[in-house]
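Asks: After the structure tokens below, expect a handful of questions from me.
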Amino acid sequence: MEKQLLRLTVNGQEYELYINPKTLLVEAIRDHIGLIGTKRGCDTVSCGACTVMIDGASVKSCSVLAMQAEGAQITTIEGLEKNGKLAPIQKAFLDHGSYQCGFCAPGMIMSAQALLNENPAPTEWEIREGIEGNICRCTGYNSIVRAIDATAKGKYAEVKS
């Protein structure tokens, strides 16, 4: 199959890639752009390790062809930190011990950030519902929920660009 030109904007930076039209967004991000925070997990849209934000919405990048994301603003876990400072949700995850192995953490953080973008003051139930598409096999979720709740309650200062 002939490769096609794709222009992607990831974390505010524009990229031009020549890829197979069947390339998944997770593959474009990891293999072509080199941002490895986004993990490739189950390839069945079940685990959420590949979660990124497309135009602010949480999306599992293993379910999207890279070509479908052309013209959109894509944010990966690497795009949350500003000027070397972690985003509030990233800091909260660290402070609350919200991951152990770290494999699910980038996708979980991206889902959490998308939730907070949409609903800045979620209830515990809304937090649990907001991350239900992400699987963590290590922490048991309670510390994750606490980190998201602490961020929502403003216990972490916003990152200034």
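Derivation of every value follows stated rules applied to the coordinates shown; laboratory data play no part. Computed from a predicted structure; not experimentally measured. Neighbour counts run over all protein chains shown; Cβ positions are idealised from the backbone, glycine included.
Asks: How big is the gap, in Å, between the Cα center of segment 93-108 and the Cα center of segment 2-36?
Replies: 26
Asks: Placing +1 at every Lys and Arg Cβ and -1 at every Asp and Glu Cβ, with all other atoms neutral, what dipole size does segment 4-79 have around its Cα centre, in debye to the nearest 20? Walk me through the numbers on the way to the answer.
Replies: Values: 6 positive and 8 negative charges, 45 e Å.
Around 220 debye, computed over segment 4-79.
Asks: How big is the charge dipole of segment 101-161 about its Cα centre, in debye rounded to the nearest 20, if each Lys and Arg gets +1 on its Cβ and each Asp and Glu gets -1 on its Cβ?
Replies: Details: 6 positive and 7 negative charges, 56 e Å.
Once rounded to the nearest 20, the dipole reads 280 debye.
Asks: Note down the net charge around Gln73, summing +1 for each Lys or Arg and -1 for each Asp or Glu among other residues with Cβ under 11 Å from its Cβ.
Replies: Numbers: positive: none; negative: Glu14, Asp55.
After counting each charged neighbour, the total is -2.
Asks: Which whole-number percentage describes the relative contact order of the chain, with Cα contacts under 8 Å and a sequence gap of 6 or more? Can you show the working numbers first?
Replies: On the way: 300 pairs, mean separation 38.1, N = 161.
Normalised by residue count, the contact order of the chain is 24 percent.
Asks: Here is a follow-up. For Leu65, Leu115, what ranking results if the residue with the fewest other Cβ atoms within 10 Å of its Cβ goes first?
Replies: On the way: Leu65 18, Leu115 21.
Fewest-to-most ranking of Leu65, Leu115: Leu65, Leu115.
Asks: Glu126 versus Asn142, label points 7 Å from Cα toward the beta carbon: distance in nm?
Replies: Rounded to a tenth, the inter-label distance reads 2.4 nm.
Asks: While we're here: Distance cut-off 28 Å, Cα to Cα: go down the list Lys39/Lys91; Lys85/Lys153; Lys3/Lys85 and report the pairs above it. Present the calculation step by step, with values, prior to reporting the outcome.
Replies: Values: Lys39/Lys91 20 Å; Lys85/Lys153 20 Å; Lys3/Lys85 37 Å.
Exceeds cut-off: Lys3/Lys85.
Asks: Next question. When P(r) over Cα pairs in 5 Å bins from 0, in percent is calculated directly from the model, which label among (i) 2, 9, 16, 17, 13, 11, 9, 8, 7, 4, 3, 1, 0, 0; (ii) 2, 10, 19, 22, 19, 14, 8, 4, 2, 0, 0; (iii) 1, 8, 15, 19, 20, 16, 10, 5, 3, 2, 1, 0, 0, 0 fits?
Replies: (ii)
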